[in-house]
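J.: Take a look at the following structure, please.
Any read-out appearing in this document is the output of simple, stated calculations on the displayed coordinates, not a laboratory observation. Since the model is a prediction, treat every value here as computed from it, not as a measurement. Note that we place each Cβ from the backbone using ideal geometry, even for glycine, and neighbour counts take in every protein chain shown.
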């Protein structure tokens, strides 16, 4: 049956026969009222004369990537490849209605377009309604169609479902499709798909469908094929009632992600096979701001091709799923997984910890998270979610804030780490500097995070320290997601090194969890029992600022804590002491990049600090960051300082002979990658569409580095050229890569 003819008949039938539904808020079923005249409501009339033979090019950014070329061609819409065009809701509605007929098998007499719903004096319209098979006047599935951004669409869809009693809802914009099961007015559960005409909702929830394995998750992953970000899903959980659950949201979501990750890792034997199939079949994904990931190709096409390459049912079935469980049964199952995860990765949660969510809230959260794949996920989306979660609770108290990826990439690229070198971040936070340094050592990027056993070897020489044990736990989880669980991150006060041994000795649990890592850290030490001096090749850090140290016991440990006359300072900025401490971590000839307030570089009062630095290291570069770089967290102007510790002895480390006069690389960023509101600014094509990189992810418009050749050369590339001319040791021709 030709879809266009079918759609014409549906539209004609709607205009002749559709009845209005007058609803009271919260009504479970609609009541049919007077017939609506055809001319009294706008309809998507699918007539031959109204079908444009070509969609005009230019001006828009939407793509009909949800649909196959054949589906578009069947509707005689001519869409040039790789071009952008304005897409109206009418086009999307036509395409999705055709899919319901052809792919899902729904007969024409069960479909209505622009179905009127009256509420008080207002008349609302559901874009597509599928009626119940047994009760033809009762909406069974409601499809809400949006053009472009889906903002507000889910709220409207929920209203329609609650008002009509429809148990299933679909939200789509031609790029994405999300499926929901309405359990009650406040609980909408994600579905993998909607039932076809010969299936029931019970079939979707029961074992009538194949066992759900890691292979299936790879195909249905909402972070890629489903095109949602992890932050979006967490926001959905909050909208579904998590904010009123009376619990610490960060802690409970942290537990859920920890448990979900463990469930996937238990099926890791399937990972290589799934990855190889997906790599061959699935094109790149694009994450647009305020939108979800977009697959450059049809999900159905990918799924069909991939499924054809996957044989057998011997794979482990995933357990972190609501299907087939009551709320209480689900709680027991998820708690069991959580307990196993705590044994597998000790120290991230206490052994006696349990979920504090109620059974119903836990079921909602699991239903939101069950169709995302965390292990080896694209890290930018994961960091974005954790940044959102910890922003109010952790950041801002002691000058802590997340470092944007393009700043991290610039610092790491300039320092040129290579395999075999040791590295530390003394204010590790979420551990992003650690992971990106390892990517650089292995020639990888954060967009290519499949980590082999061989790739993990350098992780044993990469360390992180952070004062907040909560941030250490977050960093450990993020490292596990990246595949680098071997990175050592320790909860220590970087500045109070005299008490490290006491901390390590006084707690049995601390010693069991962190003791091996602490001993490994000591192997990079310079033989100092007080843990003051180390021999690291590289240090990269964004130390906390905005607060001061006044404790005399700590101040007397530092030269910068003492006045010229030998008396202790009353107080010293935390970031100032970090500067001195970081130099103690470096071996002779070691190098570092740190992010500091610009006042350190240009204020008269900071001159003694600059003299202190110059006496101990060569100042390689000072790079002024754009004012918006850290918006909205801070408004302070920040700069990156790159140093190499003086060294005249080649047996102690890379040569950096001490001289009195030498050139310094100065640069100022004019594109910080963010606007005044703190939202990322992404590169667009001449047609106004967002431009993905070769990995399929959006490109932040900045001038710090060239994003693997996708942008013009930036500050990092200019520094590298300068460093080679200066014959700096870590950019000389004899550096092994």
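J.: What FRET efficiency would be calculated for the residue pair residue 567, residue 598, taking the C-beta separation as r and a Förster radius of 35 Å, to the nearest 0.05?
T.: Numbers: r = 29 Å, r/R0 = 0.82.
The computed FRET efficiency comes out at 0.75.
J.: Quickly rank 534-545, 622-633, 328-339, 358-369 as a protection proxy: mean count of other C-beta atoms within 10 Å, highest first. Walk me through the numbers on the way to the answer.
T.: Working: 534-545: 25.1, 622-633: 19.2, 328-339: 17.1, 358-369: 22.4.
Top to bottom by mean Cβ count within 10 Å: 534-545, 358-369, 622-633, 328-339.
J.: Arrange the peptides 65-75, 414-424 so that the one whose residues have, on average, the most other Cβ atoms within 10 Å appears first.
T.: Details: 65-75: 17.8, 414-424: 21.4.
My ranking of the peptides, most packed first, is 414-424, 65-75.
J.: Using a simple spin-label model with points 7 Å from Cα along the Cα→Cβ vector, what separation in nm is obtained for residue 125 and residue 559?
T.: About 7.6 nm, to one decimal.
J.: Which order do 514, 115 fall in if you start with the one that has the fewest other Cβ atoms within 10 Å? Don't skip to the end; give the middle numbers.
T.: Numbers: 514 22, 115 26.
Ranking 514, 115 by Cβ neighbours within 10 Å, fewest first, gives 514, 115.
J.: Run the numbers for residue 328 and residue 614: contour at 0.36 nm per residue of separation, minus the present Cα-Cα distance, in nm. It would help to have the intermediate numbers written out before the result.
T.: Numbers: separation 286, 0.36 × 286 = 102.96 nm, distance 6.38 nm.
Result for the pair: 96.6 nm of gain on full extension.
J.: Quick one: if the Förster radius is 41 Å, what FRET efficiency do residue 155 and residue 627 give, using the C-beta to C-beta distance and rounding to 0.05? Numbers along the way, then the final one.
T.: On the way: r = 35 Å, r/R0 = 0.86.
FRET efficiency, residue 155 to residue 627: 0.70.
J.: A further question follows. Mind ordering 704-717, 425-438 by average Cβ neighbours within 10 Å, highest first? Don't skip to the answer; put the middle values down first.
T.: Working: 704-717: 18.2, 425-438: 26.7.
The densest-packed peptide leads the list: 425-438, 704-717.
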